[in-house]
Amino acid sequence: MAEDRAEATVIPLRPTPPREPLVRDGMGRVLRRIRQEQGRTLDDVSSQARVSMPYLSEIERGRKEASSEVLSALCGALEIAPSKLLMLTGRELAGADSRRRVSRGPSPVVMLAA
């Protein structure tokens, strides 16, 4: 009799919204891209930044969220300004899903310097 039962299909009442991209995911992709563009290894960058190679790998894969001190050390090892890392991360996250609005509020205001 148990064989006669049909599998029940569960239909959610509300669709699951798409997952917002995490900053650590975008930052990890940016750090990896910069390191690879420089032709450097995980071992090289991690030893120069004085972080463990497995930890740097976890950061690059978006599995660990690095502290500001670790990010500063990584930027120093990669010879980039922390502000550039943040800018590139913002661009990476904005391009993660072009269909999703990045800003929830009104359109941004552009200010021009005099």
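What follows is calculated from the coordinates using simple rules that are stated; it is not laboratory data. Note that the structure is predicted; figures quoted are calculated from it, not measured. Positions of Cβ are generated from backbone atoms using ideal geometry, with glycine treated the same way; all protein chains shown enter the neighbour counts.
Values as computed for the structure displayed
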{"item": "Using θ = phi - 60° and Karplus 6.51 cos²θ - 1.76 cosθ + 1.60, couplings along the range 29-44 (whole Hz; Gly, Pro as x)", "result": "5, 5, 4, 5, 4, 4, 4, 5, 4, 7, x, 9, 9, 4, 4, 4"}
{"item": "Mean Cβ neighbour count within 10 Å, used as a protection proxy, ranking 13-23, 46-56 highest first", "result": "46-56, 13-23"}
{"item": "Shape call, the range 1-87: gyration tensor on alpha carbons, a/c limit 1.5", "result": "prolate"}
{"item": "Where trypsin sites (Lys or Arg not before Pro) fall in DSSP loop in the range 20-49, at most 16 other Cβ within 10 Å", "result": "ARG40"}
{"item": "Coil-residue GluC sites (Glu not before Pro) of the range 58-92, DSSP, other Cβ within 10 Å capped at 11", "result": "GLU79"}
